[in-house]
Amino acid sequence: MPRLPETFAALYGHAPDGVWSAPGRVNLIGEHTDYNGGLALPIALPHRTSCAASARDDDVLRIASLQEESSVEVRIDEVAAGQPSGWTAYVAGVLWALREAGYAVRGLDVLVDGRVPLGAGLSSSAALECSVAAAASDLFGLGLMESAEGREALATACQRAENDVAGAPTGGMDQAAAMHCTPAHALRLDCRDGATSQVPFDLEAHGVVLLVTDTRASHALADGQYGARRDSCEKAADLLGVEFLRDVVGRPLDETLDALPDDELRRRTRHVVTEIDRVDAVVDALRDGDLDEVGRLFVASHESLRDDYEVSCTELDLVVDTAVAQGAFGARMTGGGFGGSAISLVRADDVDRLSSAIEEAFAQARLTAPVSFAVTASGPAQRD
Ligand code: GLA
């Protein structure tokens with residue numbers, strides 16, 4: 001396949017000004033906590049989305065992709081909720097959001113090469129948004145890639161693109177991961193104040209592997225479910241008289257739950273509160289090199305997401321049950337749920353046996369064959 005700059009030149013009739021890229025992510029723990037002002041612990045994947053781009057001196061965005069048939073030409077001031085629709089919203093939305101935030105951005109010619117698996121719950125959309133945001137920052141001299149505060153501003157614009165233009169009511173974890181994660185580290189992300197810290201995550205030193213299994217179960221039907229979970233959390237916070245459910249972490253849990261009117265709200269709240277606690281427990285266990293404890297916390301997180309938050313599915317449960325039965329330290333669904341991917345913490349020597357066991361379990365259950373691959377914690381959005 002021709003390289004991205006050559007294809008860009010053939011398409012637009014001039015060379016790009018540069019190529020930028022950003023990673024997908026898996027979240028180690030802290031699921032459905034970001035929109036509750038909570039904690040999360042993502043790593044950047046080695047899988048990245050690249051965009052070749054050049055600045056224009058008008059307000060036109062021309063957007064195309066090596067993987068997608070559809071392309072679009074739209075002016076920044078025409079961008080709005082649902083306009084453009086489809087994948088190009090993630091690109092156009094970023095320029096719109098940067099301008100809304102007061103940055104002087106103009107049009108771009110963009111060609112995307114998306115290498116983060118789509119629909120696998122690995123944040124291909126955030127990777128796309130953040131690669132475009134990095135390009136816009138550099139090409140329009142915003143200087144936002146050079147500091148943590150600048151990267152936070154870019155991540156915020158990317159989240160607005162997703163919420164307000166693409167129409168997905170997601171929290172900010174995925175964009176923060178793509179902007180702040182560093183190689184061989186997990187990112188401890190405090191979603192209330194945006195604070196980040198780097199937690200060493202070098203499994204190789206322990207002879208251990210993080211295995212991602214894409215269940216190939218689509219989570220397209222879940223759009224409304226994600227929003228419904230978010231609404232429940234906002235309702236519970238309101239009833240408890242706090243801004244975010246994060247604000248009740250540390251209070252006696254029984255008293256908090258007793259103050260809620262129904263079982264569903266109690267279970268949603270219990271997930272969020274216990275999950276936030278598990279994030280720092282995993283951080284501590286990683287610092288101590290206690291992988292048994294990390295694995296135990298992974299499983300506790302999965303059970304909470306399955307039983308209290310109700311965002312797992314047959315395929316995710318099957319990966320986790322099989323991995324644990326085969327001797328993994330632990331396993332859990334990662335990302336929004338209802339399909340997508342699971343992660344397992346596995347001894348390097350056991351990876352092949354475990355992957356085969358998962359495939360076998362799916363075949364026996366007559367499910368679409370899953371795809372498993374080992375990942376290492378990788379780097380953030382950058383100019384390539
Ligand atoms: C999706 C969203 C994130 C986060 C996770 C669940 O990935 O994009 O903002 O809410 O689900 O932790």
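Quick note: the coordinates plus some simple rules give every number you see, no bench work behind them. On a predicted model such as this, the values are computed, not experimentally measured, just so you know. Virtual Cβ from ideal backbone geometry, glycine too; neighbours counted across all protein chains shown.
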With springs only between Cα atoms under 10 Å apart, run a GNM on the chain and tell me which of R75, R268, R25 wobbles the most. R75
With +1 on the Cβ of every Lys and Arg and -1 on the Cβ of every Asp and Glu, the dipole magnitude of segment 219-328 about its Cα centre, in debye rounded to the nearest 20, is 160
Take the Cβ-Cβ distance between L253 and Q364 as r, set R0 to 51 Å, and report the resulting FRET efficiency rounded to the nearest 0.05. 0.85
Could you tell me how far the Cα centroid of segment 332-384 sits from the Cα centroid of segment 114-167, in Å? 25
Tilt relative to the chain, helix 291-307 - C-alpha long axis, 0 to 90 degrees, to 10: 80
Given R₀ = 30 Å, FRET efficiency for D280-D238 by Cβ-Cβ distance, to 0.05? 0.70
Dipole-positive endmost among G224, S123, A342 within the chain (Cβ charges, Cα centre): S123
I'd like the per residue volume of the convex hull spanned by the Cα atoms of segment 176-221, given in cubic angstrom. 113
Calculated P(r) of segment 238-337 - Cα pairs past 23 Å, %: 33
One would report the antiparallel percent of DSSP beta bridges in the chain, rounded to the nearest 5, as 90
Let me know the Rg and Dmax you get for segment 7-56 when you use only its Cα atoms, in Å. 17.0, 47
Using Stokes-Einstein with the Kirkwood hydrodynamic radius over Cα pairs, what translational diffusion coefficient do you get for the chain at 37 °C and a viscosity of 0.692 mPa s, in µm²/s rounded to a whole number? 155
Based only on other Cβ atoms within 10 Å, what is the fewest-to-most ordering of H185, H14, H271? H14, H185, H271
Could you tell me which of rounded, prolate or oblate describes segment 21-113, using a ≥ b ≥ c as the square roots of the eigenvalues of the alpha-carbon gyration tensor, with rounded for a/c under 1.5 and, failing that, prolate when a/b is larger than b/c and oblate otherwise? prolate
The residues W87, W96, sorted from fewest to most surrounding Cβ atoms within 10 Å, come out as W87, W96
Average Cα contact separation per residue, segment 185-246, under 8 Å, 6 or more apart, as relative contact order %: 17
Using Cβ counts within 10 Å as a stand-in for footprinting exposure, how do H206, H47, H32 rank, fewest first? H206, H47, H32
Can you divide the C-alpha Rg of segment 66-199 by 2.2 N^0.38 Å and report the result to two decimal places? 1.00
Full-extension gain between E68 and H14, please, as 0.36 nm times their residue separation minus the C-alpha to C-alpha distance. 17.3 nm
With +1 assigned to the C-beta of every Lys and Arg and -1 to the C-beta of every Asp and Glu, and no other charges, what is the dipole magnitude of segment 186-250 about the Cα centre in debye, to the nearest 20? 160
Tell me the label-point distance for the pair E100, T376, using the 7 Å Cα-to-Cβ offset, in nm and rounded to one decimal. 3.9
Coordinate range along principal axes, alpha carbons of segment 73-134, Å, largest first: 33, 23, 20
Binning every alpha carbon pair distance of segment 293-360 at 10 Å from zero, what are the percents per bin? 24, 55, 20, 1
